[in-house]
1. Quick check on my filter: what residues within region B:333-342 are out of contact with any Gly (no Cβ under 9 Å at 6 or more places or on another chain) and either in a strand (DSSP E or B) or not assigned by TED's automatic domain parsing to the domain that holds residue B:389 (or both)?
2. Could you go through region B:103-119 and let me know if any residue there is surrounded by fewer than 22 Cβ atoms within 10 Å (Cβ to Cβ), within 23 Å of the chain's Cα centre (by Cα) and free of Cβ contacts under 8 Å to residues at least 40 places away in the same chain.
3. State yes or no: is residue B:167 modelled with pLDDT of 90 or more and either surrounded by 16 or more Cβ atoms within 10 Å (Cβ to Cβ) or not assigned by TED's automatic domain parsing to the domain that holds residue B:124 (or both)?
4. How many residues are closer than 15 Å to residue A:54 by Cα and either assigned to a loop (DSSP other than H, G, I, E, B) or more than 7 Å from every other protein chain (Cβ to nearest Cβ) (or both) when one looks only at region B:406-422?
5. Name the residues in region B:170-199 that are surrounded by fewer than 16 Cβ atoms within 10 Å (Cβ to Cβ) and in contact with a helix residue (DSSP H, G or I) (Cβ under 9 Å, 6 or more places away or on another chain), would you?
6. Out of A:78, A:71, which single residue is at the interface with chain B (Cβ under 10 Å from one of its Cβ atoms), buried (at least 20 other Cβ atoms within 10 Å of the Cβ) and in a helix (DSSP H, G or I)?
7. Restricting attention to region B:255-277, report how many residues are part of a helix (DSSP H, G or I) and either at pLDDT below 90 or in contact with a strand residue (DSSP E or B) (Cβ under 7 Å, 6 or more places away or on another chain) (or both).
8. Within region A:31-63, restricting attention to residues that are at pLDDT 90 or above and of a type in the set (Ser, Thr, Tyr), which residue is least open to solvent (accessible area, probe 1.4 Å)?
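The values are calculated or read from the model by the stated rules, or taken from the named source; none is laboratory data. Remember, predicted model here, so these are calculated numbers, not experimental data. Cβ sites come from the backbone with ideal geometry, for glycine too, and all protein chains shown count toward neighbours. In case anyone asks, the SASA skips ligands and DNA or RNA and just uses the protein heavy atoms, side chains included. Shrake-Rupley method; radii C 1.70, N 1.55, O 1.52, S 1.80 Å.
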Amino acid sequence: MAGPKTTASSVSSSSSANALQTLWKAYNDTTSPRLKLVDTFLVFLMLSGVVQFVYCILVTNFPFNAFLAGFGSCVGQFVLTASLRTQVNPTNRSEFKDVSPERAFAEFALGSIVLHFFVYNFLG
Amino acid sequence: MRSFWSLLASVVGLATLLVQAKSSSGDSVLVLLDPSLKRDDFSIFFSGLEEKGYDLTFRSPKDEEPVVIKDDYPQFSHVIIFAPETKSFPKDITPQSLVDLLSKDTNLLLALSPKQTPLTSLASEFSLITPPPGTPLVSHFPERDTPATVIPVNVSHTSPILTPGLPPVWFSGVPFALGTNPLLVPILNAPPESFATDSLGDSDADVVIEASEKGGEGLWAGSQLGLVAGFQPAGGARATWVGGVELFSDEFATKEVSSGVKSGNEQFAADIASWTFQESLVLRVDSIDHHRLNETAPREHYTTNDQIVFTTHISRYNPKTSAWEPYSGIQDLQLEFTMLDPHIRTALPPVPGKPGAYSVTFRAPDRHGVFKFVVDHKRRGWTHLHSSTVIPLVPPRHDEYPRFLSAAWPYYTGAISTSIGFIIFSALWLGGSESKKGKGSKVE
């Protein structure tokens, strides 16, 4: 993560549009497909959460438990996925010496299953 | 021998059926007849009652026996008091005891006269305002050969109590003004050109006019005055006040109102007697029934917003057969679903094809509490129907609410898509693990 950012900020002095392009290019070049998969999932979760929150504000929060379950599942899944991303990121390898990517995924999967168990109990 | 006994039993049964009175409340009648009135002068009225099956007991107001109330129980089903001139009644007949009789479902038929008696003051307790003593009803129209106080009165054709198409009836006695009491049932009103006065001669007409112009009591005149009025208190007993006892006499019954036309007195007297003695216009609520729509058994309580079916069965007494028959003729019956106030008041129409049944389906209010089904039908002349059934209305149990609402679909979709996303993500993650090793090592 640190590498692409420093590259982007050094080049972006010319114009902001150029900077974004450079950022995107650097991200594409330096991020592994596995992290891109994680990022895609994170973006999806974020959009889903935003949509539900807007619906709750603008339309109705009436079955409030359903809102809490739906929104909470997005937030919880986002947190778990973000943790997974941190743990499997090769740049952070030094901080998580004991945690292999397989173990990180297993913890992620277990956490998610527990989360979904609570979400569906809370939904109806 | 056995067949003889059964035959005897059936004959006795038939005989009791035949002598059974037509009234819905009993057949014993006490007639309190003033000594100045001869029983034979009212033979048409009394024999008419006896033919119907009533058991008449005559008693002079001076006699002490038989008493009307003994040990707090009324001894007769009906009491006729034809003692318009009696000033002092025996001690068992007081205004209080007569009111007590009414509250114990004994019917009263009372006659007044221009003289001031205890009955006159009792009449004011029934919202009948009597004119000053000694002022009979007088009318000089139509021209006739009788005294001015003997008046032919046209019978109202709208009253359900009377036989339709009655000829005019002869009346002689005192009128009374009708108060605003809703329990009063006007039966016969005075002719429009009649008035009440103490001076019978035409020479005193100026005095009458002067008195009326002075105000005060004013002029007792016009068709607003009542001559015969019924009163039906809450208990269902009936009291009828008649302005003059001569209305029931044989003389008036046989007297012609115009050439060749017999007066309506005989039928009129029989009609008011049958109303007073609870033969005609007698209704009762036989049963009530309530259940949820598409169910048959009643519940101990209902849930808010339930669809409730309420049915009641109403019977009318038929004096011809002495039996209660299902009656579907009430068109304006209403049901109230009440908690302090009626939360729902709806029409309770008769069910076509089911005699006597009235039914309505309604949605219970969205309000829990102790409610009542109330059927309250009070119409002048008819028995008052009142039925009240307490029923609790409870909120839904925790598992009776709708579970999945259409408004919540975005949230359901959000939760489901998260799960599907998680599964797809896991599949891609695990499926891409082999290639990742190569790629990951390349990046590193």
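1. Listed by number, the residues that qualify are B:334, B:335, B:336, B:337, B:338, B:341, B:342.
2. Scanning region B:103-119, I find no residue that is surrounded by fewer than 22 Cβ atoms within 10 Å (Cβ to Cβ), within 23 Å of the chain's Cα centre (by Cα) and free of Cβ contacts under 8 Å to residues at least 40 places away in the same chain, so the answer is no.
3. yes
4. 2
5. B:179, B:199
6. On the way: A:78 fails: buried (at least 20 other Cβ atoms within 10 Å of the Cβ).
One residue alone meets the criteria, A:71.
7. Residues meeting the conditions: 6.
8. Residues of region A:31-63 at pLDDT 90 or above: A:35-59.
Add one more test, that the residue is of a type in the set (Ser, Thr, Tyr), and what stays is A:40, A:48, A:55.
Numbers: A:40: 90, A:48: 16, A:55: 49 Å².
Among those residues, the one meeting the criterion is A:48.
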